[in-house]
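What follows is a short report on a single structure.
The values are calculated or read from the model by the stated rules, or taken from the named source; none is laboratory data. None of these values were measured; they are calculated from a predicted model. Because the Cβ atoms are built from the backbone with ideal geometry, glycine has one as well, and the counts that use them run over all protein chains shown.
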Amino acid sequence: MRSLKAVIYAILVSLSGILGSAVGGENEGFEKATFAGGCFWCIEAPFDKAPGVDRATAGYMGGHKKNPTYKEVSSGSTEYLEVVQITFDPDKISYKELLSIFWRQFDPTDAGGSFHDRGAQYMSAIFYHGEKQRDIAIESKKALEASGVFEKAIVTPIREAGTFYPAEDYHQDFWKTNTSHYERYRKGSGRDEFIKKVWGTKGISAQKYPKPSDEALRKRLSKLQYAVTQEEATERPFQNEFWDNKKEGIYVDVVSGEPLFSSTHKYRSGTGWPSFTRPLVPENMVRKQDTLLGMTRTEVRSKHGDSHLGHVFNDGPKPRGLRYCINSAALQFVSKGDLEKAGYGAFMPLFE
């Protein structure tokens, strides 16, 4: 039997779509996202830790029987999937960023379940709330397919959200209330080993801008991009993609996607490499002393992707006097018109 608290909450969640965000004490402006990626204990934890997420609730979606129980769902006799419904502040974390976290928690090429949990109830899915989420989810899936991270086809379906039923109380925050059991389960299921192999050791700690594994990078990046970002090579001046790019937009790490520079801070230095007076997000920039060529220089690297970007010099335009001399091969350009779609809408005010 489900607890009275769980039943009442399920009713409130069902009513919330009709009565609005006031039901259940939702903060105005918050949105919902619903994902399935196998055991909901393991999918809930990374979202609980993400900034901008108000709460992540384990539950069930995709079936038709009212008020399903864990026993019924886990038996595989219903059409329900184990899911996590996320309540988030879109001003602090975008839906695309949530998808980025989601894709890195399970095997999206597995159509028969998730790791050691087999059966339709453990299959993956994206349940979209509205056409905007559907379109973003479709683009995100296409981007993952094109990235070459996985050799097999991505089979995770994109489905319209239905009624969400919260799971029983003892399933909520299981990673915190039953930490030892949770950690043993994650390790034993093969999930952590898979994430480490595909996305590298930083795939969990740097959730918003994780660095893929070396194997994945070799498949995804060109030889020059890999040599620059991973082996600290330098591309040729005046023979690179962005040295003379005059379009409006931002430049992100080609490895992790973290925002690095803006066209509003770009200038023509005459050196033949993209040059900027300042970083777009200083927190995403790491400085290191470089004596590789027998001289002391200041190397700049991305924080989350740990990519070699270039160097910073003190011969830039006043008043700051800095010149960030960056390799085009370390960058991906996101034009002003694509910022919202690409999940970088927070930077639109730069161009208004």
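Which one of these is in contact with a strand residue (DSSP E or B) (Cβ under 9 Å, 6 or more places away or on another chain), among the aliphatic types (A, V, I, L, M), more than 17 Å from V334 (Cα to Cα) and in a loop (DSSP other than H, G, I, E, B): L292, L280?
Numbers: L280 fails: more than 17 Å from V334 (Cα to Cα).
Going through L292, L280 in turn, just one is in contact with a strand residue (DSSP E or B) (Cβ under 9 Å, 6 or more places away or on another chain), among the aliphatic types (A, V, I, L, M), more than 17 Å from V334 (Cα to Cα) and in a loop (DSSP other than H, G, I, E, B): L292.
Among the residues of segment 204-257, count how many are assigned by TED's automatic domain parsing to the domain that holds D338, among the β-branched types (V, I, T) and surrounded by fewer than 20 Cβ atoms within 10 Å (Cβ to Cβ).
Total satisfying the criteria: 1.
State whether the residues of segment 78-95 include one that is among the small types (G, A, S) and at positive phi.
Scanning segment 78-95 turns up no residue that is among the small types (G, A, S) and at positive phi.
Tell me which residues, restricted to segment 223-248, are hydroxyl-bearing (S, T, Y) and not in a loop (DSSP other than H, G, I, E, B).
Y226, T229, listed by residue number.
Report whether or not T277 is in contact with a helix residue (DSSP H, G or I) (Cβ under 6 Å, 6 or more places away or on another chain), surrounded by fewer than 23 Cβ atoms within 10 Å (Cβ to Cβ) and in the same structural domain as L339 (by TED's automatic domain parsing).
yes
Residues D89, D48: which one is of a type outside the set (K, R) and in contact with a Gly (Cβ under 6 Å, 6 or more places away or on another chain)?
Result of the check over D89, D48: D89.
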